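The values are calculated or read from the model by the stated rules, or taken from the named source; none is laboratory data. This is a predicted model, so every value here is computed, not measured. All Cβ positions, even for glycine, are placed from backbone atoms using ideal geometry, and neighbour counts span all protein chains on display.
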Amino acid sequence: MTMIPPTALAVLWRAALLVLLLATVPTSSWATDHSNTMGNHAEHSEHDSHAAHQNHANPAASPHETSPIEAADTISLELVDAPQLEPGKAVTVRFRLRRQADGKALSFKDLKEVHTKKLHLFVNDSSLTDFFHLHPQPTAKDATLFTFRFTPNKPGNYQLWADITPLAKGAQRPAQQQFLPASLAGVSPAPNPIDTTLVDEATLGSLKAKLSFDPPLQSDKASIGTVTVTNLVGQPIHNLEPVLGAFAHVVAYANNGQSVLHSHPMGKEPKGAADRAGPTLQFHLAPGQSGFIKIFVQIRLDGRDLILPFGVTVQDKAKD
Ligand SMILES: [Cu+2]
């Protein structure tokens, strides 16, 4: 049997990976296919539940990676009470999750628990500087009517993204995560332009966090983001606590806020409340197009949830 020299093997492997990546890149903002998100899984054997590690949505393009959401499973977020928003004024919002195929309104019974919750909700203002990660609950009287309360800090409209995994009851296909967009109007709907300030170091109270990517972010290219958490004088923080079943939640917005991605650190997830992590947290990111990405990294320290905001730019992929 003729031995293939190692260099030829490496070239072959890269060619195979590139073909795979190109074959799966939807025209969305995230070049991801959970089966090979950013490199292959051989390197991340403990990532057996990787599917729960990274998900995204782009209503414009077919939202999902492995296979598009079956029409029968497509859910939409239907606002029931959507008060006008005013900065500093708390509002209660109510909505339903409706399956388009048969009009059924879903309840928690129809949703899979992912990262300790059945329903995650991301709320952001149009400038992408005000961000909330919330968990709406069903109302007492109606299990299909969900409610949450929040106080917008900025003027203008707000965007909602519900992050759910409907149980594919009886269906011969796995439950698939879906991101459902909706928007709430501000009293002064004047859009705040997206704040595209590049930020790779965030300071919050006595905490400082640096974000870097290797390789540097480029469209259609897999990259690993590293967040390093220290105190203000640079001493590493080793006691990051579990938050919602992970050591961090990474929510990234691209394509002028039209696409959202929800990712979690690579490596072992917390097994118990006493588990700790830090100072570094690594996550995958594979932007499908160049441009500005806003990233919010949620961590927990001393029982407090902290949201670290970063702004990064994705270069155009190198012209071959
Ligand atoms: Cu959540």
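Only one of the listed residues (147, 92, 129) is outside any strand (DSSP E or B) and of a type outside the set (Asp, Glu). That residue is 129.
On the basis of being within 16 Å of the ligand (Cβ to nearest atom), under 17 Å from residue 288 (Cβ atoms), outside the structural domain of residue 78 (by TED's automatic domain parsing) and not aliphatic (A, V, I, L, M), does residue 263 make the cut? Yes. Checking 244, 204 one by one, the residue that is surrounded by fewer than 22 Cβ atoms within 10 Å (Cβ to Cβ), closer than 27 Å to residue 158 by Cα and within 16 Å of the ligand (Cβ to nearest atom) is 244 and no other. Looking across segment 252-272, the residues that are in contact with a Lys or Arg (Cβ under 9 Å, 6 or more places away or on another chain) and not small (Gly, Ala, Ser) come down to 253, 270. Scanning segment 272-316 for residues that are surrounded by 15 or more Cβ atoms within 10 Å (Cβ to Cβ), outside any strand (DSSP E or B) and not aliphatic (A, V, I, L, M) yields 278, 279, 288, 289, 290. Taking segment 256-271 as the range and being crowded, with 19+ Cβ neighbours inside 10 Å and free of Cβ contacts under 8 Å to residues at least 12 places away in the same chain as the test, no residue passes. Against the criterion of being under 27 Å from residue 313 (Cβ atoms), within 16 Å of the ligand (Cβ to nearest atom) and either surrounded by fewer than 18 Cβ atoms within 10 Å (Cβ to Cβ) or of a type in the set (A, V, I, L, M, F, W, C) (or both), residue 132 qualifies.
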